[in-house]
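A.B. asks: The following block contains the structure, expressed as structure tokens.
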Amino acid sequence: MSSSLIGKVVAVEPSGKTALAGELGQQIAAQWKASRASAAKPGELRVLYPQDSVPIAAVALGEQKPAPATAPDAMPAEDIYLRNERREQTRLDAAKGVRALRDLGTDGEHTVDVDSFASPHAAAEGALLGLWSVNHFKTRGTSPSWSKPSHLQGGRHITPVPLNGATSDAEKKKLVDEADELKDTASPLSWYTGEVYARAQNWSRELQETAANLLTPTSFAERIVAAFKNVPNTQVIVRDADWAREQRMNLFLSVAQGSEQPLKFVEIHYHGAPDKDAAPLALVGKGITFDTGGISIKPGAGMDLMRADMGGAAAVVSTTLAIAQLGLPINVSTFTPLTENMPSGRATKPGDIFEARNGLTVQVDNTDAEGRLVLADTITYASDTYKPHTLVDVATLTGACVIALGDLYSGVFTETEALWQELKTAGEAEHDLFWRLPLTDGYLPQISKTNADLVNTGGRPAGSATAAIFLKQFVHGLENRAKGEKASVRYAHIDIAGSMEASVNTLNDYQGKGLTGRPVRALIEFARRLAYA
């Protein structure tokens, strides 16, 4: 079926000019002026109807204020700050424009032409993220898509295309972001990269929004296998409970034993570096496909949100897919332990003690602190089996991080300054922001004074920090000053319990209320920069 053009989104410069030439450009300029719109106001929108043309959503880039002199954290250089701010305005403008036009189409497939604004990469991101909607499970209302093919769900029935007419991937790759620090590499930011970044985040959103009866550990693993089919240089391995027992993953098994759904452990290996055997970047994602809290059961109010307790797994899987699609010259190994956390006659009881894969014993005082248990065995397996140079885990881990940071930042715990700066820089470039929190052995006494080596919760004080220091105990290759051993791996834990859901501070035209899929774009950008470091 052919697609019909439903409109065009164009940038209005502070001078009032647009990229449209000739008679059409003159009509737009006249109608914009007649509407008393301000070209100096960022995000000012007018939907215009020139003669002999599709509707035009004209959106002002606006005048840019100087960079601030002070900030709550160290700022990048002024030119980088302003560049990042302009990219974010581009995302917002492109999203606002496509959202204004999306309801003009009828059933079927459509396209919308979108200007590059200040950044082709950011314009493609904003347009695709702005078109996203959770209509997969609706049979009525606006754009229901319950029984439709996947390529017509979630707003994908509308395809944003560059205003200049580029249609092929090769043409989109030529629309390069001239302000990109890596524009002279083989992987510069472009309209094409913007599509890949945004589609990865949208897939993470889709996985998070899917009800737990429709996304079990088994079906999640199947979706991962299907997504990576025919993607060059990738391998997907799905493990089962017998394998987990052979690996002595007793913490992972302790969480899974209360559920009727069989656990799955998924490994994804992408070999993109010139040396296929070079140490990889390791990504680990918490994959609790539904979290009741187990025997320490959660309150019923809001428990439906726990369908997204696999948000870390969704993020790292989506990130890895994008890295492979971009063909970045880096090796990546990704690990996702998938299970439900359910109460039953077989479920772990508060006070139970298990031996972890690395030999440490752990007392489970609260079965609702299960994420750190499945991550612990996974982190040990990833770090001592594949010897990564950098290991990053992502998890919807603690309510304490929600209280500390809300929905604005994902919390980062790392002892490596360089790694923190790399993550921070990538997050700022994509406006997918991180904030550093303490990873220090000073919190170890809070989780060590039990009958076992460790306990899986240290109580309310510093709840996100005690979870982070718990996880650190399972990373193979960290510095050991007592033994004079230097670190062979850089480690960061990212807590996305707050940033998983847009509530107040992050609501905008490309991020409506609901689950966010974060921090996918930041992680892709982190990997892209790491590949060329």
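Here, each number is a calculation from the coordinates, and none is a lab measurement. Treat the numbers as computed from the prediction; the structure is a model and nothing was measured. Backbone-built Cβ (ideal geometry, glycine too); neighbour counts: all protein chains shown.
A.B. asks: Within the stretch 115-163, take every residue that is in contact with a helix residue (DSSP H, G or I) (Cβ under 6 Å, 6 or more places away or on another chain) and aromatic (Phe, Trp, Tyr) and give me the one that is farthest from Val10 (Cα to Cα).
C.D. replies: Trp132
A.B. asks: Report yes if some residue within the stretch 213-228 is among the hydroxyl-bearing types (Ser, Thr, Tyr), touching a His at 6+ places or on another chain (Cβ under 8 Å), over 24 Å from Leu471 (Cα atoms) and surrounded by 17 or more Cβ atoms within 10 Å (Cβ to Cβ); otherwise report no. Quick ask: steps written out before the conclusion?
C.D. replies: Within the stretch 213-228, the subset among the hydroxyl-bearing types (Ser, Thr, Tyr) is 216, 218-219.
Okay, now just the ones that are also touching a His at 6+ places or on another chain (Cβ under 8 Å), so none.
Scanning the stretch 213-228 turns up no residue that is among the hydroxyl-bearing types (Ser, Thr, Tyr), touching a His at 6+ places or on another chain (Cβ under 8 Å), over 24 Å from Leu471 (Cα atoms) and surrounded by 17 or more Cβ atoms within 10 Å (Cβ to Cβ).
A.B. asks: Return the residues of the stretch 246-273 that are β-branched (Val, Ile, Thr) and farther than 16 Å from Ala376 by Cα; say none if nothing qualifies.
C.D. replies: Scanning the stretch 246-273 gives a single hit, Ile268.
A.B. asks: Here is a follow-up. Can you pull out the residues in the stretch 136-164 that are polar (S, T, N, Q), surrounded by fewer than 20 Cβ atoms within 10 Å (Cβ to Cβ) and farther than 25 Å from Leu189 by Cβ?
C.D. replies: Matches in the stretch 136-164: Thr139, Thr142, Ser143, Ser147, Ser150.
A.B. asks: Being touching a Leu at 6+ places or on another chain (Cβ under 9 Å) and of a type in the set (Asp, Glu) is the filter here; which residues of the stretch 471-514 pass it?
C.D. replies: Answer for the stretch 471-514, where residues must be touching a Leu at 6+ places or on another chain (Cβ under 9 Å) and of a type in the set (Asp, Glu): Glu485, Asp495, Glu501, Asp509.
A.B. asks: Report, by residue number, each residue of the stretch 14-38 that is under 33 Å from the mean Cα position of the chain (by Cα) and either in a strand (DSSP E or B) or of a type in the set (D, E, K, R) (or both).
C.D. replies: Those that are under 33 Å from the mean Cα position of the chain (by Cα) and either in a strand (DSSP E or B) or of a type in the set (D, E, K, R) (or both): none in the stretch 14-38.
A.B. asks: For the stretch 247-270, does any single residue satisfy the condition of being under 29 Å from Leu530 (Cα atoms) and either acidic (Asp, Glu) or free of Cβ contacts under 8 Å to residues at least 12 places away in the same chain (or both)?
C.D. replies: yes
A.B. asks: Inspect the stretch 291-299 for any residue being touching a residue at least 24 places away in the same chain (Cβ under 8 Å), of a type in the set (Lys, Arg) and either buried (at least 22 other Cβ atoms within 10 Å of the Cβ) or farther than 17 Å from Ala395 by Cβ (or both) and give the result as yes or no.
C.D. replies: Within the stretch 291-299, none of the residues are touching a residue at least 24 places away in the same chain (Cβ under 8 Å), of a type in the set (Lys, Arg) and either buried (at least 22 other Cβ atoms within 10 Å of the Cβ) or farther than 17 Å from Ala395 by Cβ (or both).
A.B. asks: Say we look at the stretch 165-205 and pick out the residues that are under 24 Å from Leu104 (Cα atoms) and out of contact with any strand residue (DSSP E or B) (no Cβ under 9 Å at 6 or more places or on another chain); which of these is surrounded by the most Cβ atoms within 10 Å (Cβ to Cβ)? Quick ask: steps written out before the conclusion?
C.D. replies: So the first thing to find is which residues in the stretch 165-205 are under 24 Å from Leu104 (Cα atoms), and the list is 165-167, 195, 198-199, 202.
When the remaining residues are screened for being out of contact with any strand residue (DSSP E or B) (no Cβ under 9 Å at 6 or more places or on another chain), the result is 166, 198-199, 202.
On the way: Ala166: 19, Ala198: 28, Arg199: 21, Asn202: 20.
By that ranking, first place goes to Ala198.
A.B. asks: Just one of the numbered conditions (1) in contact with a helix residue (DSSP H, G or I) (Cβ under 8 Å, 6 or more places away or on another chain); (2) under 30 Å from Met303 (Cβ atoms) is not true of Val402; which one?
C.D. replies: Going through the list (1) in contact with a helix residue (DSSP H, G or I) (Cβ under 8 Å, 6 or more places away or on another chain); (2) under 30 Å from Met303 (Cβ atoms), Val402 breaks only (1).
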